[in-house]
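Take a look at the structure set out below.
Every number here is computed from the coordinates shown, using simple stated rules; none is lab data. Not measured: the values here are computed from a predicted model. Methodologically, a virtual Cβ is constructed for each residue, glycine included, from the backbone with ideal geometry; neighbour enumeration extends over all protein chains shown.
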């Protein structure tokens, strides 16, 4: 299973980026700014959970570590 986190602090345009923490993405936020989404088999499942948890927030996958 892969550990996915979301950045607590939004980036440009108010987007909270999802990161694959298992890979150790170079754009991972500081540990204080990470919110655990959970452990999933792939990014798509993590994205669905993030949308369920934060339905009003803009959430997208990091282009470096999360691919559809």
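Quick one: is residue 3 assigned to a helix (DSSP H, G or I) and out of contact with any helix residue (DSSP H, G or I) (no Cβ under 8 Å at 6 or more places or on another chain)?
Working: assigned to a helix (DSSP H, G or I): no; out of contact with any helix residue (DSSP H, G or I) (no Cβ under 8 Å at 6 or more places or on another chain): yes.
Spelling it out, it is not the case that residue 3 is assigned to a helix (DSSP H, G or I) and out of contact with any helix residue (DSSP H, G or I) (no Cβ under 8 Å at 6 or more places or on another chain).
For the stretch 20-35, the count of residues that are surrounded by fewer than 18 Cβ atoms within 10 Å (Cβ to Cβ), in contact (Cβ under 8 Å) with a residue 12 or more places away in the chain, on the phi > 0 side of the Ramachandran plot and in contact with a strand residue (DSSP E or B) (Cβ under 7 Å, 6 or more places away or on another chain) is zero.
Taken over the stretch 36-52, the criterion of being surrounded by fewer than 14 Cβ atoms within 10 Å (Cβ to Cβ) and either within 12 Å of the chain's Cα centre (by Cα) or under 14 Å from residue 67 (Cβ atoms) (or both) is satisfied by 36, 39, 41, 44, 48, 51.
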